[in-house]
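Here, each number is a calculation from the coordinates, and none is a lab measurement. For clarity, every value in this text was computed on a predicted model and none was experimentally measured. We place every Cβ from the backbone using ideal geometry, glycine too, and count neighbours over all the protein chains shown.
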Amino acid sequence: MAQDRLSEALVVISGASSGIGAATALRFAASGARIALLARRTEKLTELAGEIGDRGGTGFPVTADVTDPESITSAIERIGAEHGRIDVLVTAAGFVSPGQDLRAWQDMVSVNVTGTLNCVHPALPYLQAAAEGPHGVADLVLISSVAGRAARPHNPVYSATKFAVNAFAEGLRQQVTENYVRVGIVEPGLVATEMTAHSWPPGAEEHEWLRAEDIADAVEYMVTRGRHAAVNEIMIRPTEQAR
Ligand SMILES: NC(=O)c1ccc[n+]([C@@H]2O[C@H](COP(=O)([O-])OP(=O)(O)OC[C@H]3O[C@@H](n4cnc5c(N)ncnc54)[C@H](OP(=O)(O)O)[C@@H]3O)[C@@H](O)[C@H]2O)c1
């Protein structure tokens, strides 16, 4: 979509309370978009909504847990009903655990895979309706990972969740692209966010990792193409990251 479409768009971002989701919301703010900020930490979302207002957009907090299908479905349906549309959904809610217990594995599947499906399912009818509207296109952007293209020995389950996201995105893309719902995945390497702050490799501070704003750049690029061009995949690593 062209940049001017963003000024009228209703954007939903999951995982908006920090990191990549928050940076993406701030990026969209400058275009004047209305942005539903979805995550569990209401205080962070409220603070972000204030910053979005200062930059010319409108942000509103939607407190919800992506692992709870009823609460996500009702939150997204409420957003769609109140605003009459959803033009863009960005799923950035994600979780990594270094734990090797079964519970840690299940939690990663629950947030990264089931949580993504819980957000996409209720939003799809709205995206399809938006694609039939005046701008003739709608966007779904899923934040995946380089770990979704090459499995890693230190966290095979995290990789598995991101492979699942990529497979879902590709199948769904083929299902809806002829209706002008574009589906894209962004696959970051190491980004300095809350997620990596807890699992930073030794000596990491000596390197130049990505910033959340670098990923916001990629998301913005995807959703601001003309309706004839679907950018389906962007992988972005820190220059120093070989794998
Ligand atoms: N950082 C990296 O190096 C990197 C690399 C590749 C891919 N990624 C992916 O990028 C995405 C964003 O991560 P980030 O790096 O920006 O980390 P982050 O700053 O920790 O952000 C994670 C976001 O997910 C939300 N979230 C987690 N569990 C949730 C739940 N159950 N329900 C609702 N929201 C939930 C968090 O909000 P609340 O805690 O407020 O709910 C937070 O807003 C993730 O999918 C991650 O896998 C990150």
Checklist entry - Would the range 181-195 turn up any residue that is within 16 Å of the ligand (Cβ to nearest atom), free of Cβ contacts under 8 Å to residues at least 24 places away in the same chain and either in contact with an Asp or Glu (Cβ under 9 Å, 6 or more places away or on another chain) or under 25 Å from A29 (Cα atoms) (or both)? => result yes
Checklist entry - With respect to A123, is the statement that it is within 16 Å of the ligand (Cβ to nearest atom), within 15 Å of the chain's Cα centre (by Cα) and over 26 Å from R237 (Cα atoms) true? => result yes
Checklist entry - Does the range 215-230 contain any residue that is buried (at least 17 other Cβ atoms within 10 Å of the Cβ), closer than 17 Å to L190 by Cα and more than 17 Å from the chain's Cα centre (by Cα)? => result no
Checklist entry - Could you say whether any residue in the range 61-77 is without any contact (Cβ under 8 Å) to a residue 24 or more places away in the chain, over 26 Å from H135 (Cβ atoms) and within 13 Å of the ligand (Cβ to nearest atom)? => result yes
Item to check | Evaluation of T177 against (1) assigned to a helix (DSSP H, G or I); (2) buried (at least 18 other Cβ atoms within 10 Å of the Cβ); (3) of a type in the set (V, I, T) (one fails), failing number | outcome: (2)
Next on the checklist: Which of the numbered conditions does V146 fail, given that it passes all the others? Conditions: (1) touching a Gly at 6+ places or on another chain (Cβ under 6 Å); (2) of a type outside the set (G, A, S); (3) under 28 Å from A131 (Cα atoms).
Outcome noted: (3)
Next on the checklist: When the residues of the range 1-38 are narrowed to those that are touching a Ser or Thr at 6+ places or on another chain (Cβ under 9 Å), touching a residue at least 60 places away in the same chain (Cβ under 8 Å) and among the hydroxyl-bearing types (S, T, Y), which ends up farthest from the ligand (Cβ to nearest atom)?
Outcome noted: S14
Checklist entry - Across the range 136-174, what is the number of residues that are within 12 Å of the ligand (Cβ to nearest atom), surrounded by 15 or more Cβ atoms within 10 Å (Cβ to Cβ) and among the charged types (D, E, K, R)? => result 2
Checklist entry - Would you call V96 among the hydrophobic types (A, V, I, L, M, F, W, C), surrounded by fewer than 22 Cβ atoms within 10 Å (Cβ to Cβ), under 19 Å from E194 (Cβ atoms) and within 9 Å of the ligand (Cβ to nearest atom)? => result yes
Next on the checklist: Which of the numbered conditions does A129 fail, given that it passes all the others? Conditions: (1) part of a helix (DSSP H, G or I); (2) within 14 Å of the ligand (Cβ to nearest atom); (3) of a type outside the set (S, T, Y).
Outcome noted: (2)
